[in-house]
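Beneath this line is the structure, given in structure tokens, with notes to follow.
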Amino acid sequence: MPRSTSNLDRLARLQEEYDTANASVINETGGRNREALLRLSEVAGEMACIHEDEAAEMRRAAGAAYDLAMTK
């Protein structure tokens, strides 16, 4: 369980970074903020990896629980 809690903390921090970068994607003078877009891409990728890892772990746990339920 510590891993999930740790990942939740990381996701919360990354969400804040994502929101900050997303808010500055468009420059006040017009045009795109390249650095903000790159950071947005990096943060979104990190968040996706965490979600994918957690989903894989949940699938393994679901499979193991099912297998245990089917055996006597």
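Residues of segment 1-43 that are under 26 Å from Ala61 (Cα atoms) and among the small types (Gly, Ala, Ser): Ser4, Ser6, Ala12. If you go through segment 26-50 and keep only what is assigned to a helix (DSSP H, G or I) and either touching a residue at least 40 places away in the same chain (Cβ under 8 Å) or farther than 19 Å from Leu14 by Cβ (or both), you end up with Arg34, Ile50.
If only one of Tyr66, Tyr18 is in contact with a Leu (Cβ under 8 Å, 6 or more places away or on another chain) and assigned to a helix (DSSP H, G or I), which one is it?
Answer to the selection: Tyr18.
Every condition in (1) open to solvent by 50 Å² or more (accessible area, probe 1.4 Å); (2) at pLDDT 95 or above holds for Met47 except the one numbered (1). Here Met58 clears all of (1) more than 23 Å from Ser6 (Cα to Cα); (2) surrounded by fewer than 12 Cβ atoms within 10 Å (Cβ to Cβ) except the condition numbered (1).
Name the residue, out of Leu40, Leu68, Leu8, that is touching a Phe, Trp or Tyr at 6+ places or on another chain (Cβ under 7 Å) and not β-branched (Val, Ile, Thr). Explain how you work it out, then say what you get.
On the way: Leu68 fails: touching a Phe, Trp or Tyr at 6+ places or on another chain (Cβ under 7 Å); Leu8 fails: touching a Phe, Trp or Tyr at 6+ places or on another chain (Cβ under 7 Å).
Only one candidate passes the filter, namely Leu40.
The values are calculated or read from the model by the stated rules, or taken from the named source; none is laboratory data. It should be emphasised that the depicted structure is a prediction, and the values quoted were computed from it without experimental measurement. Reconstructed Cβ throughout: ideal geometry from the backbone, glycine too, with neighbour counts over all protein chains shown. Surface areas here come from the heavy atoms of the whole protein model, side chains and all, with no ligands, DNA or RNA. Shrake-Rupley method; radii C 1.70, N 1.55, O 1.52, S 1.80 Å.
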